[in-house]
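These notes are about the structure you will find just below.
The values are calculated or read from the model by the stated rules, or taken from the named source; none is laboratory data. The shown structure was predicted, so the numbers you read here are calculated from the model rather than taken from an experiment. Neighbour counts are summed over all protein chains in view; Cβ atoms, including those assigned to glycine, are modelled from backbone coordinates with ideal geometry. The area values use the complete protein model at the heavy-atom level, side chains included, leaving out ligands, DNA and RNA. Shrake-Rupley method; radii C 1.70, N 1.55, O 1.52, S 1.80 Å.
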Amino acid sequence: MDKKLLLIVVDGVPWRNFRRLFGNLEGWVQSGEAQLFKMRAVLPSTSASCYASIHSGVTPQVHGCTGNNNVFRIAQDDIFSQTRKAGGTTGAVTHSFWSEFFNRAPFDVVRDIEYDEPESDTINHGRFHTMTGYNLINQTTPADTDLFATLTMLCDRFSLNYGILHTCTLDSMGHRFGHETHEMDHGCFAMDEQLAPFIRRWRDMGYEVIVTADHGQTDRGHHGGHEDLQQDVALYYFGDGKIADESEVLCQTQLAPTILTLLGAPIADTMKGKAFLK
């Protein structure tokens, strides 16, 4: 495999806040360096359910994860496994749920917090965080710059073909403050500012980059249900792929087959969504 792509999942940012508060991403759309799409999360629009759907390309009604308290090894093939079948190397810098869904469960905090397994059929290089003890007062989230740097290190050290980064900072802030607040305005601004130099660096390293969210969030800091603010997110694409689906709103289950198409990896039979880039 000679293609390279990174997926950056910024947890819990609605379409509205991407468009008005992420000035670097929006600037690249205006300059033509990025393409912008609107994507709708699956239902329930709960974090774990969305993670499983983003990577497996099937809905929660198929993969079975109904929420954050129902995490297990997903049975369906996913982006990691399909990339490995095509000979690619994979990496993840994410919440531990991703390791449980797509490598092994339950998550063992000592064994699984960091691993390098070149022969794995799914995740070859993983660096995870658990957010143990999370509550509205103590977010227990890593610094986002540290996460971006860790993914970059994995790309440098192991020549990843596919890597995913997932940060919960803004989702946690949204639950605490809501999305129509001074705190969230600054939080989105800070995320955009910290992310931007790494996007340039990843592009210079030859990676296509996708930046999106797993779900949105309401002004009261809620998600999980059926509402535009809870479900609709922006997706920014940096790369040479051409639009293959001009729908006004894309479905989250289209993301996995799209990434595999861009990588030149086989799309799993269970993935029924149409690739929106080619």
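Listed here are the strands (runs of 3 or more DSSP E) enclosed by region 108-168 that have at least 1 residues being closer than 19 Å to I74 by Cα: 125-129, 162-167. For region 126-141, the set of residues classified as more than 10 Å from R176 (Cβ to Cβ) and crowded, with 17+ Cβ neighbours inside 10 Å consists of G126, R127, F128, H129, T141, listed by residue number. Within region 91-99, is there a residue that is over 16 Å from the mean Cα position of the chain (by Cα) and of a type in the set (A, V, I, L, M, F, W, C)? Checked against the condition, which is being over 16 Å from the mean Cα position of the chain (by Cα) and of a type in the set (A, V, I, L, M, F, W, C), region 91-99 yields no hits at all.
Screening the candidates G91, G133 for the property of being of a type outside the set (A, V, I, L, M, F, W, C) and at pLDDT below 95 yields one hit, G133.
Within region 77-107, the set of residues being under 20 Å from N161 (Cα atoms), part of a loop (DSSP other than H, G, I, E, B) and open to solvent by 40 Å² or more (accessible area, probe 1.4 Å) comprises D77, G87. Taken as a whole, region 166-176 holds at least one residue that is basic (K, R) and touching a residue at least 40 places away in the same chain (Cβ under 8 Å). Restricting to region 231-267, count the residues that are open to solvent by less than 50 Å² (accessible area, probe 1.4 Å), touching a Gly at 6+ places or on another chain (Cβ under 7 Å) and more than 24 Å from W202 (Cα to Cα). The total comes to 3.
Please indicate, with yes or no, whether at least one residue in region 85-97 is closer than 30 Å to A190 by Cβ and free of Cβ contacts under 8 Å to residues at least 40 places away in the same chain. Checking region 85-97: at least one residue is closer than 30 Å to A190 by Cβ and free of Cβ contacts under 8 Å to residues at least 40 places away in the same chain. Restricting region 268-278 to residues that are open to solvent by less than 10 Å² (accessible area, probe 1.4 Å) and in a loop (DSSP other than H, G, I, E, B) leaves a set whose member that is nearest to L5 (Cα to Cα) is F276. Scanning region 12-54 for residues that are over 24 Å from H95 (Cα atoms), touching a residue at least 24 places away in the same chain (Cβ under 8 Å) and assigned to a helix (DSSP H, G or I) yields R16, R19, L21, G23, N24, W28, V29. Residues in region 191-241 that are more than 24 Å from T46 (Cα to Cα), small (G, A, S) and under 18 Å from the mean Cα position of the chain (by Cα): A196, G239. Just so you know, in region 108-125 the residues that are touching a Phe, Trp or Tyr at 6+ places or on another chain (Cβ under 7 Å) and of a type in the set (A, V, I, L, M, F, W, C) include one that is least open to solvent (accessible area, probe 1.4 Å), and it is I123. Please specify each residue of region 197-230 satisfying the condition of being of a type outside the set (D, E), outside any loop (DSSP other than H, G, I, E, B) and open to solvent by 10 Å² or more (accessible area, probe 1.4 Å). If the condition is that a residue be of a type outside the set (D, E), outside any loop (DSSP other than H, G, I, E, B) and open to solvent by 10 Å² or more (accessible area, probe 1.4 Å), then P197, F198, R200, R201, R203, L229, Q230 are the ones that fit. Scan region 177-192 for residues that are among the aromatic types (F, W, Y) and either free of Cβ contacts under 8 Å to residues at least 12 places away in the same chain or part of a loop (DSSP other than H, G, I, E, B) (or both) and the total you get is 0.
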